[in-house]
1. All but one of (1) part of a helix (DSSP H, G or I); (2) at pLDDT 95 or above hold for residue 63, so report the exception by its number.
2. When you scan region 107-151, how many residues do you find that are more than 22 Å from the chain's Cα centre (by Cα) and farther than 22 Å from residue 276 by Cβ?
3. If I ask for residues that are part of a helix (DSSP H, G or I), in contact (Cβ under 8 Å) with a residue 24 or more places away in the chain and farther than 17 Å from residue 204 by Cα, which ones from region 147-164 would you list?
4. I'd like to check something: does region 52-66 contain any residue that is within 16 Å of the chain's Cα centre (by Cα) and under 25 Å from residue 284 (Cβ atoms)?
5. Name the residues in region 66-97 that are touching a residue at least 12 places away in the same chain (Cβ under 8 Å), over 14 Å from residue 359 (Cα atoms) and part of a loop (DSSP other than H, G, I, E, B), would you?
6. Six or more apart or on different chains, Cβ atoms under 8 Å: show the pairs whose first residue is in region 246-263 and on the phi > 0 side of the Ramachandran plot and whose second is in a helix (DSSP H, G or I) and crowded, with 21+ Cβ neighbours inside 10 Å.
7. When you scan region 263-280, how many residues do you find that are in a loop (DSSP other than H, G, I, E, B) and either within 15 Å of residue 164 (Cβ to Cβ) or in contact with a strand residue (DSSP E or B) (Cβ under 7 Å, 6 or more places away or on another chain) (or both)?
8. Quick check: is even one residue across region 212-225 surrounded by 16 or more Cβ atoms within 10 Å (Cβ to Cβ), at pLDDT 95 or above, under 13 Å from the mean Cα position of the chain (by Cα) and assigned to a helix (DSSP H, G or I)?
């Protein structure tokens, strides 16, 4: 089996590897978003499994328990749970990443409880008091896992887990560095598959897969210059290749992103020195996400730079010619953040296309004309 065949299998058959591991005696803990520290779960010999929805299946059961004007990604995930598609989970962890996830946690817990259900309260404001609060939240999370597993946390195993996940982060950044080439030898579609494939397997297995993928890409011949525009993606959940493939089929290279399922979950390392719990709290709380609020800095322009300067570095470093915002409908955090970010990027002379979608592959074809027109404008 080639590396791409292995990636395709994990991408297309999500949950299969987790079921195999569970059959071998491992406990699988499902979780949402970028704010649950995988390292803590791994230190207890638990397998973290990032919960995803399905953009190809209709939401036909969840709307009886969740309002239809809630985030369709969250509703889709819960819809799969109601259909027993997550029956292999031994536990379910949700952070208060947004109000919809927080509300859904209680509905999920009431209707599809597992042996270990836990909500992590994540501060929205950033600052010293938030760091201390979140550290205590993680400490409580650990105490509950100790009760669940019947064993105390081994600090040396936590440090080992931090090093392991930092290794994975470094390799994923190396994959993203391959996209700096013009034109790149790796597509955004391939990288989406690689990232999603790793969300349901142990980190050590994903590291082997990513390493093999890097070796395979480096052996590819350099493609001839094609003059196609280079696109930066911003938004929340893109765990299906349909949208990324559409952008590339329309005549562009997707070269960089700031997504929950992209650079956002692996870009920063956890410090490997000092108190590991404090390092985890600081790193996860500083995850770039529209739901987190930095203290206002200076005037309007200075404040935008403070909030979005890292995106300018992404756009410059990967030589983006335009940005596409892919916002899942009813995502209040992205809907509120999007106009400010568009203003910031427009001031930098980076064209922006804002798209609001239903987290469904059925709508992808309707977006083709808008994307083609945008790409023609920036050619």
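The values are calculated or read from the model by the stated rules, or taken from the named source; none is laboratory data. Just so it is clear, the model here is predicted, and its values are computed rather than measured. Please note: Cβ atoms are built from the backbone with ideal geometry, for glycine as well, and neighbour counts cover all protein chains shown.
1. (2)
2. Residues meeting the conditions: 8.
3. Within region 147-164, 148, 149, 155 qualify.
4. Yes, region 52-66 contains at least one residue that is within 16 Å of the chain's Cα centre (by Cα) and under 25 Å from residue 284 (Cβ atoms).
5. Listed by number, the residues that qualify are 66, 83, 85, 86, 88, 89, 90, 96, 97.
6. 251/375
7. Of the residues in that region, 5 qualify.
8. No, there is no match, as no residue in region 212-225 is surrounded by 16 or more Cβ atoms within 10 Å (Cβ to Cβ), at pLDDT 95 or above, under 13 Å from the mean Cα position of the chain (by Cα) and assigned to a helix (DSSP H, G or I).
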